[in-house]
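Down below is the structure, laid out as structure tokens.
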Amino acid sequence: EAQVTQNPRYLITVTGKKLTVTCSQNMNHEYMSWYRQDPGLGLRQIYYSMNVEVTDKGDVPEGYKVSRKEKRNFPLILESPSPNQTSLYFCASTHQATKYNEQFFGPGTRLTVL
Amino acid sequence: SQQGEEDPQALSIQEGENATMNCSYKTSINNLQWYRQNSGRGLVHLILIRSNEREKHSGRLRVTLDTSKKSSSLLITASRAADTASYFCATVFMNRDDKIIFGKGTRLHILP
């Protein structure tokens with residue numbers, strides 16, 4: 001089944017404790033991105049990647065890192081999480097050739113930073 | 001902000017009625033997409049309309065695009081309880097790298 005998976009789905013952590021949210025897709029998509037969703041603010045893009053070893057900042061990259069060592073994986077790293085990073089996070093992917101078309105979303109990761 | 005803005009923010013209608021929601025944006029686009037999100041879940045792509053198109057249909061969905069007004073509308077006909085969800089427009093702007101900008105969404109509630 002074609003899908004985007006994220007882990008963990010739920011995470012409660014404390015300020016300053018490094019964490020990684022994994023994202024993996026099995027559709028051979030080149031383009032992957034991370035979004036955060038907050039009430040009243042909609043979805044905002046954090047980082048995106050057009051292919052392996054190519055990443056770019058989205059609209060809200062501060063406090064986040066990403067890496068793209070393999071085509072299928074695009075982990076989101078919070079080196080020193082803070083309470084304002086409490087949010088619902090989504091990973092998404094699509095083909096580079098059709099990168100302006102349909103994106104496939106993961107189920108989301110609900111992160112709480114205390 | 002170049003973000004798309006949906007209108008209304010929330011909409012409640014009776015089952016069987018039509019639901020219309022709108023999206024406005026500020027700069028020229030390559031295309032505009034509509035997504036649905038059931039509570040707390042990932043977004044699901046509904047329909048895409050390109051900048052050179054004016055109207056598209058998909059089942060009970062009808063999307064229009066008016067580039068002169070920089071706006072789009074999503075019409076859901078004969079609404080069902082399962083249509084209860086949040087709906088987002090997403091815009092891909094010309095000459096704006098590869099960023100995709102989502103609006104804040106319209107929460108649609110279908111009353112039985």
Discussion item. Please go through (1) assigned to a strand (DSSP E or B); (2) hydrophobic (A, V, I, L, M, F, W, C); (3) more than 13 Å from chain A (Cβ to nearest Cβ); (4) touching a residue at least 40 places away in the same chain (Cβ under 8 Å) for B:ALA78 and return the number of the only condition it doesn't satisfy.
Written reply: (1)
Fill in: Listing of strands (runs of 3 or more DSSP E) fully contained in the range A:1-61 that carry 2 or more residues being polar (S, T, N, Q)
A:4-7, A:19-25, A:31-38, A:42-51
Worksheet item: When you go through (1) in a strand (DSSP E or B); (2) surrounded by 14 or more Cβ atoms within 10 Å (Cβ to Cβ); (3) not acidic (Asp, Glu) one by one for B:HIS57, which number turns out not to apply?
Response: (2)
Worksheet item: Restricting attention to the range A:29-41, does a residue exist that is over 13 Å from the mean Cα position of the chain (by Cα), open to solvent by 20 Å² or more (accessible area, probe 1.4 Å) and small (Gly, Ala, Ser)?
Response: yes
Item to complete: Report, ordered by the first and then the second residue, all pairs with beta carbons closer than 7 Å, sequence separation of six or more or different chains, a first member in the range B:23-40 that is touching a residue at least 12 places away in the same chain (Cβ under 8 Å), and a second member that is among the aromatic types (Phe, Trp, Tyr) and open to solvent by 60 Å² or more (accessible area, probe 1.4 Å).
Response: B:ASN30/A:TYR100; B:ASN31/A:TYR100
Item to complete: Select from the range B:1-15 the residues that are open to solvent by 50 Å² or more (accessible area, probe 1.4 Å) and small (Gly, Ala, Ser) and write down the one among them that is nearest to the other protein chains (Cβ to nearest Cβ).
Response: B:SER1
Worksheet item: How many residues are assigned to a helix (DSSP H, G or I) and within 20 Å of B:PHE102 (Cα to Cα) when one looks only at the range A:62-88?
Response: 1
Worksheet item: So which residues in the range B:26-44 are surrounded by 14 or more Cβ atoms within 10 Å (Cβ to Cβ), within 7 Å of another protein chain (Cβ to nearest Cβ) and not in a strand (DSSP E or B), if there are any at all?
Response: B:ARG41, B:GLY42
Response to the item:
Checked against (1) of a type outside the set (A, V, I, L, M, F, W, C); (2) at pLDDT 95 or above; (3) within 27 Å of A:LEU114 (Cβ to Cβ); (4) within 15 Å of the chain's Cα centre (by Cα), A:LYS71 satisfies every condition except (3)
Worksheet item: What is the residue count in the range A:58-114 for residues that are more than 8 Å from chain B (Cβ to nearest Cβ), among the aromatic types (Phe, Trp, Tyr) and touching a residue at least 60 places away in the same chain (Cβ under 8 Å)?
Response: 1
Worksheet, complete the sentence: Among (1) more than 19 Å from B:GLY42 (Cβ to Cβ); (2) crowded, with 20+ Cβ neighbours inside 10 Å; (3) more than 13 Å from the chain's Cα centre (by Cα), A:THR94 falls short only on (1)
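The values are calculated or read from the model by the stated rules, or taken from the named source; none is laboratory data. For clarity, every value in this text was computed on a predicted model and none was experimentally measured. Ideal geometry is used to build each Cβ from the backbone, glycine not excepted, and the neighbour counts take in all protein chains shown. Accessible surface areas use protein heavy atoms only, side chains included; no ligands, DNA or RNA. Shrake-Rupley method; radii C 1.70, N 1.55, O 1.52, S 1.80 Å.
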